[in-house]
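These notes are about the structure you will find just below.
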Amino acid sequence: MTAERKIRLLIAFDGTPFNGWQRQKHDVSIQEEIEKCLTVMTTKEVALHGAGRTDAGVHAEGMVAHFSTLSSISCPAFHKGLNSMLPYSIRILNVQETERDFHSRFSAQGKRYEYTIYNGAIMPPCKRLYCVHIPYRLNFPAIDNCLQLLQGTHDFSSFENAGSRDKNCVSRKGAVRTIFTAERKKTGDYHSFTFIGDGFLRQMVRNMVGTLLTAGRGQITIDQFRQTLEACDRNAGGPTAPAHGLTLKEVLY
């Protein structure tokens with residue numbers, strides 16, 4: 001009898017043409033595109049399990065997913081075959097056989113996200129799908145001070161959108177997450193916000209960035225940003241920043 005194998009994929013994608021990672025009934029998703037190719041290759045229906053979900057328009061350079069199969073197709077053959085069938089907006093960077101107890105989501109220890117804005121007067125056209133144009137002046141020292149407040153272990157309910165988790169389940173950690181790194185890097189007129197944490201709630205990074213930009217415009221003070229974090233209430237938070245500025249850079253194991 002052929003033993004079942006577990007295959008791990010490292011995936012990069014341009015999220016522009018997709019309605020997010022997760023398979024959906026009426027919209028095209030990254031998960032569905034890869035599953036269709038795997039089904040053709042193995043002649044069996046394949047369920048792909050990702051390290052998490054990404055919203056429509058969000059990009060990835062280091063998404064991890066796995067599937068189980070009885071197929072004897074080698075990892076190099078999966079790698080070559082998938083990239084020959086998938087749209088150019090999705091690339092498989094690595095394929096490897098992994099331990100049977102590995103799970104792309106539940107084995108993950110954290111994730112690294114990057115959100116990029118362009119703060120110049122005129123957005124370079126070739127960058128418009130991958131960073132957000134903020135043409136007005138920002139108080140970056142205030143933003144950096146607010147970033148420091150996000151580091152550590154907090155209840156991030158103020159930055160959690162609806163549908164993030166089952167709030168009736170009391171056995172888990174709720175909205176408490178630990179952010180190890182929250183920092184900004186400047187390259188010319190580009191500003192990239194890096195967030196490394198043990199987990200992220202739905203649209204949490206986009207909501208944090210939206211609130212940081214509110215502080216950068218002088219609409220709230222640093223103390224008010226702290227109060228927003230401590231309120232544990234989404235109604236206290238700022239707007240959700242656009243999806244296309246966000247990239248999942250790495251899943252940590």
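FYI, it's all coordinate maths here, none of it is from the lab. As the structure is a computational prediction, the values presented were derived from the model and not from experiment. Here the Cβ positions follow ideal geometry from the backbone for every residue, glycine too, while neighbour counts run over all protein chains shown.
Laid out as a table, the results:
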| quantity | calculated |
| --- | --- |
| Crossing angle, helix 140-150 versus the chain [Cα axis fit, 0-90 degrees, rounded to tens] | 60 degrees |
| The chain, helix-only ellipticity at 222 nm - DSSP H runs n ≥ 4, -39,500 (n - 2.57), divided by all residues, nearest 500 | -7000 deg cm²/dmol |
| For the chain, projected area of the alpha-carbon convex hull averaged over all directions, nm² | 15.0 nm² |
| Angle in degrees between helix 222-231 and the longest Cα principal axis of the chain, rounded to the nearest 10 | 50 degrees |
| Cα-projected label distance for residue 224 with residue 27, points at 7 Å along beta-carbon direction, nm | 3.2 nm |
| Volume per residue of the C-alpha convex hull in region 33-133, rounded to whole Å³ | 118 Å³ |
| Length gained when the stretch residue 3-residue 236 is fully extended (0.36 nm per residue, less Cα-Cα span) | 78.6 nm |
| Normalised alpha carbon radius of gyration of region 110-252 [divisor 2.2 N^0.38 Å] | 1.02 |
| Residue 70-residue 153 pseudo-label distance in nm [points 7 Å out on the Cα-to-Cβ vector] | 4.5 nm |
